[in-house]
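What follows is one structure encoded as structure tokens, with my remarks underneath.
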Amino acid sequence: MNKSELIAAMAQTLNSKKDAEFALNSLLDTISAALKKGDKVTLPGLGTFKVSKRKARTGRNPRTGEAVKIKAHNIAQFAPGKKLKDAIA
């Protein structure tokens, strides 16, 4: 399911595609802003979004085999909650 399909599914419940798109974009923007500040976002029943730091490391270019330096950076992580895990099991 992609974003437009998710909006269409939400629109069936909300009876408005415009409201569904606004709600989804608002949720995504709010989660992104919280992660950018370094906060953790927990949605009971769904899971937890958090920021993890990756250390600088040396990788390899698969095409040439040349060593490449990879800078330290932050990544977003998602850990599913128990309800979500049980729902898909």
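Every number in this text was worked out from the coordinates using simple rules, so none of it is lab data. The model shown is predicted, which means the values in this text are computed figures rather than measured ones. Positions of Cβ are generated from backbone atoms using ideal geometry, with glycine treated the same way; all protein chains shown enter the neighbour counts.
When averaged across all projection directions, what area in nm² does the alpha-carbon convex hull of the chain cover? Before the final figure, lay out each step's value.
On the way: hull surface 35.0 nm².
Mean projected area for the chain: 8.7 nm², to one decimal.
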query = For the chain, what is the mean residue ellipticity at 222 nm derived from helices alone (per DSSP H run of n ≥ 4: -39500 (n - 2.57); sum divided by total residues; nearest 500 deg cm²/dmol)?
reply = -14000 deg cm²/dmol
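Convex hull over the Cα atoms of the range 43-89, averaged projected area in nm²? Present the calculation step by step, with values, prior to reporting the outcome.
Working: hull surface 19.9 nm².
Taking a quarter of the hull surface, the average projection is 5.0 nm².
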task = Residues in the range 33-55, backbone N under 15 Å from the label point at K71 (7 Å along the Cα-to-beta-carbon vector): list them, ranges by number please.
result = 54-55
